[in-house]
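Please read the structure below before turning to the comments.
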Amino acid sequence: MFEALSDKLKKVLKDLRGQGRVTEAHVEAAMREIRIALLEADVNYKVVKSFVDRVKEKALGQDVMGSLSPAQQVVKVVYDEMVEMLGGTSTQLLFTKRIPNVVMIVGLQGSGKTTTTGKLARLLVETQKRRVLLLSVDVYRPAARQQLAIIAQAIGQPVFEAPDTSDPLELCRRAMRECELTGYDTLLVDTAGRLHIDEDLMVELQQIKRDTQPTEILFIADAMTGQDAVRSAQEFHERLGLTGVILTKMEGDSRGGAALSIKEVTGQPIKFIGVGERYDAIESFYPDRIAQRILGMGDVLSLIEKVQAEVDQDKAIELQQKLARDKFSLEDFRDQLRQMKRLGSLDKLLDMLPSGLLGGVRVTPEQTAEMEQKLKLTEAIINSMTPAERRDHTLLNASRRKRIARGSGTAVQDVNQMINEYTEMRKMMRMMTSGGLGGMMGGLVGGGVPGFGSGGRRKATKRRKKKKR
């Protein structure tokens, strides 16, 4: 996300850092480029003007901090103001001792309300130990209530159903009564949407708000629609009094106009972002971390949290001990590949690393897709080995390698390439132990995947062609 904007801003700030002495003319030129970059990213023009004016005023008016050069000071001002534009501080959901706490999910049709309701339920159960009941009051869209029921089953959470009524207000009253009787402390209400804002929709939502007294009213906005999402959020806020926003489809938004505009225009914070189709693809929104990503500083805190949540600590200690004894096997490597899969896609992980760690190289989506494919083929090769072969690669003679190639759907040359680079992978894993996940990512970007490192598969293909000639 934010790829297009991030690339342009990083270039502007890099040029600024390259100046030996920063003058007012340099700042003016940088602000002009930043203004253009933000407008091209579909950021609201009033927000852009306010942002540029604030940065310019502070960059030219502040004394330089002792530890920072003038160029670094300007970068710091840009970062601070971007954090402020995104909302300042992270804002979590408000819960009270009341039973139940009602969370209204509102928005236009097609923004992802129902799926996001399921994602939010799963997140609240896992991270805040809430007892959640789901309810759909979308009685107009065909199969909308059935859709929520299917999602609830997929995430293992209960849904309130009353097939004998199609009255949204009656559904809310019955669901709240169910919560009081059974101890559910949170009721997530998936409301109806329209293709556009109309009076009937707003009246119904106002009635639901009056009857349920929600602690949170969350607007679901499709980040891909840019300023349309911002305008819709503003209109919903004027009629309902939103408490926050959830931006969906952020993984496909390379511009970021909605994320950078919505807080300043509506006054309401972005609380969560949807970053994929899976039910766990929802994240708390941290303005400082998003600003770091946009400016190429990475998001190491989020990466650490993700690793801590997914990596088995006992296995990590065992791996360190094996590395120390030089006992890292192909079986261990396969386990590491599987752990990496649990962390998410490579492009998202690379997005969290500071650009400097990757040598300032921009890794394209096509390159990350190619790397992920190479990792799958590497795992296929290892899976085609016997347990004894995975534990001791020295057993892999010519006939065994031929069998493994057949079983994995690769060429013998690919298997050979993987074995030849296996010792390099051991070195890379040692680097990972001392330098964290960044060491491993650096190796992958550099092409250190066994069997496919430095264009290994392409090299093998070239060798086959040469042999035929």
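The values are calculated or read from the model by the stated rules, or taken from the named source; none is laboratory data. Note that the structure is a prediction, hence the values are computed from the model and not measured. Reconstructed Cβ throughout: ideal geometry from the backbone, glycine too, with neighbour counts over all protein chains shown.
Kindly indicate which of Gln373, Gln413, Gln339, Gln320 is at pLDDT 75 or above and surrounded by fewer than 17 Cβ atoms within 10 Å (Cβ to Cβ).
The conditions single out Gln373.
With the condition kept exactly as written, say whether any residue in the stretch 195-217 is over 30 Å from Gly87 (Cβ atoms), among the basic types (Lys, Arg) and not in a strand (DSSP E or B).
No, because not a single residue in the stretch 195-217 is over 30 Å from Gly87 (Cβ atoms), among the basic types (Lys, Arg) and not in a strand (DSSP E or B).
Taking Ile105 and the conditions (1) in a helix (DSSP H, G or I); (2) within 17 Å of Asp211 (Cα to Cα); (3) of a type in the set (A, V, I, L, M, F, W, C), which numbered condition does it fall short on, given that it satisfies the others?
(1)
Restricting attention to the stretch 94-144, and to residues there that are of a type in the set (Gly, Ala, Ser) and in contact (Cβ under 8 Å) with a residue 12 or more places away in the chain, which single residue is nearest to Ala175 (Cα to Cα)?
For the stretch 94-144, the residue satisfying everything is Ser136.
Which pairs have Cβ atoms under 7 Å, sit 6 or more apart or on different chains, and link a residue in the stretch 146-167 that is farther than 22 Å from Arg130 by Cα to one that is surrounded by 12 or more Cβ atoms within 10 Å (Cβ to Cβ) and of a type in the set (Lys, Arg)?
That search, which allows pairs on different chains as well, returns Ala162/Arg174.
Counting only residues that are at pLDDT 85 or above and small (Gly, Ala, Ser), which one in the stretch 37-79 is farthest from Thr266 (Cα to Cα)?
Ala37
Just need a number here: residues in the stretch 82-103 that are closer than 18 Å to Leu5 by Cβ and buried (at least 21 other Cβ atoms within 10 Å of the Cβ).
The total comes to 4.
Please enumerate the residues belonging to the stretch 189-206 that are surrounded by fewer than 17 Cβ atoms within 10 Å (Cβ to Cβ) and among the β-branched types (Val, Ile, Thr).
Ile197, Val203
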